[in-house]
Amino acid sequence: MKQLLERVKYIAFDADDTLWVNEPYFRQAEAEYCRVLERFAAPREIIDTLYQTELKNLAPYGYGAKAFTISLMETAIGFSNRGEQEGIKPLTPPEMAEVIRIGTSLINVPMEVLPGVKHLLEKLHKSGKYQLVVATKGDLLDQNRKLQRSALAGHFNKVEVMYDKNEETYRALLGRLGCKPEEFLMIGNSMKSDILPVLNIGGYAIYIPFHSTWEHEKVEGVVVHPNLRSCGSCEDLLGMF
């Protein structure tokens, strides 16, 4: 780890479920959503159909609460139309309003900063050794709002909200930073978005798994790489720096 940190000049953090809690609120929203649509299908079918709608909508709408709300509405209308053909009462205007409320409520969920995050950022910021970056994806306004509400914004030198996180977008990020891959360390909870693309372009990564992960972000198997470290939380990282 010491040799790794001697090379690194930029440390980037994912935001959702790395700096603060996010995914559990989406799972809670899905549970509420299934109750609204319970007369049309079982929860598993509703969630699976919603997931397919989300995947379809990633290209035009991206990630985040707003895109999720659009997918909730689209999926609900599909179930309602199918149900009506089968003699099931379609969704009422109050029920559609509830679907919208479920989605938009995610914009103002409580900000729960994860253990060790604040102390780690304070330590890194005060050291003056590294440029600290937020490298996340999602809705620009939503992510910036969450960063301000978290009271963590002052620790970061730069905030990057990316439309996606892959090798191409990380190379573009490094270009904007003026940073070589071997000078870049990414810390995040998604093996698919935060870790593998950075390793593939020659950077370093620290994987901090979170107990709840969106299906789209899951990677099968164990990843082993000389530039990869894993730990349980940001609290565990304090001693490494």
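The values are calculated or read from the model by the stated rules, or taken from the named source; none is laboratory data. These numbers come from a predicted model, not from an experiment. Every residue, glycine as well, gets a Cβ built from its backbone with ideal geometry; the counts of neighbours run over all protein chains shown.
Below, the figures for the structure above:
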{"quantity": "Output for the range 18-46, where each listed residue is in a helix (DSSP H, G or I), of a type outside the set (Asp, Glu) and farther than 19 Å from His211 by Cα", "calculated": "Tyr33, Cys34, Arg35, Val36, Pro43, Arg44, Ile46"}
{"quantity": "Test: residue in the range 152-175 that is over 22 Å from the mean Cα position of the chain (by Cα), surrounded by fewer than 16 Cβ atoms within 10 Å (Cβ to Cβ), in a helix (DSSP H, G or I) and charged (D, E, K, R)", "calculated": "no"}
{"quantity": "Test: Pro197 is modelled with pLDDT of 95 or more, in contact with a Gly (Cβ under 6 Å, 6 or more places away or on another chain) and not basic (Lys, Arg)", "calculated": "no"}
{"quantity": "Some residue of the range 126-143 being modelled with pLDDT of 95 or more, surrounded by fewer than 20 Cβ atoms within 10 Å (Cβ to Cβ) and assigned to a helix (DSSP H, G or I)", "calculated": "no"}
{"quantity": "Within the range 206-228, tally of residues that are touching an Asp or Glu at 6+ places or on another chain (Cβ under 7 Å) and either modelled with pLDDT under 85 or farther than 23 Å from Ile11 by Cα (or both)", "calculated": "3"}
{"quantity": "So Phe68, is it surrounded by 16 or more Cβ atoms within 10 Å (Cβ to Cβ) and within 21 Å of the chain's Cα centre (by Cα)", "calculated": "yes"}
{"quantity": "Boolean, Ile206 is part of a strand (DSSP E or B) and either touching a residue at least 12 places away in the same chain (Cβ under 8 Å) or closer than 21 Å to Gln131 by Cα (or both)", "calculated": "yes"}
